[in-house]
């Protein structure tokens, strides 16, 4: 009687193996032959010196009185982390001007850009890194985007790393 029980159990296990699909002896698919990849050697690009279009501040435009925005631009004077901060100082256009774009041409020729976006309010600012080279100044340009989407340059001047008052 004990052997009958063992054979029944063995028979159930074999049925479970067949039902689970563990008895498959299919051969694994063949590994595809590697394909050759053609590489073409190219010459490394040579660096091209970039020139600054103009490092001299140009004329600025005035927004209509209903869209006027005032900005303040100053260097922080810190030798460890030199930055120029452009601050929105108010104006009638705070609710209609969607954005102020800032471009700093550093004394070493590198250009840094940033934006002050809506909502504009008095005191909202952006700080961008500059060089702390003494005797050289950084050019800062600020554009206001008017409600029609046009860029109007409202500030363009040299801003020193540090001012001595």
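Numbers for the structure displayed
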{"quantity": "Global geometry of the stretch 65-158, whether rounded, prolate or oblate, following the gyration tensor of its Cα atoms and the 1.5 cut on a/c", "calculated": "prolate"}
{"quantity": "Potential lengthening between residue 162 and residue 6 on full extension [0.36 nm per residue; Cα-Cα distance subtracted]", "calculated": "46.7 nm"}
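Rule-based calculations on the coordinates, nothing more; no lab input. None of the values given here were measured: they were computed from a predicted structure.
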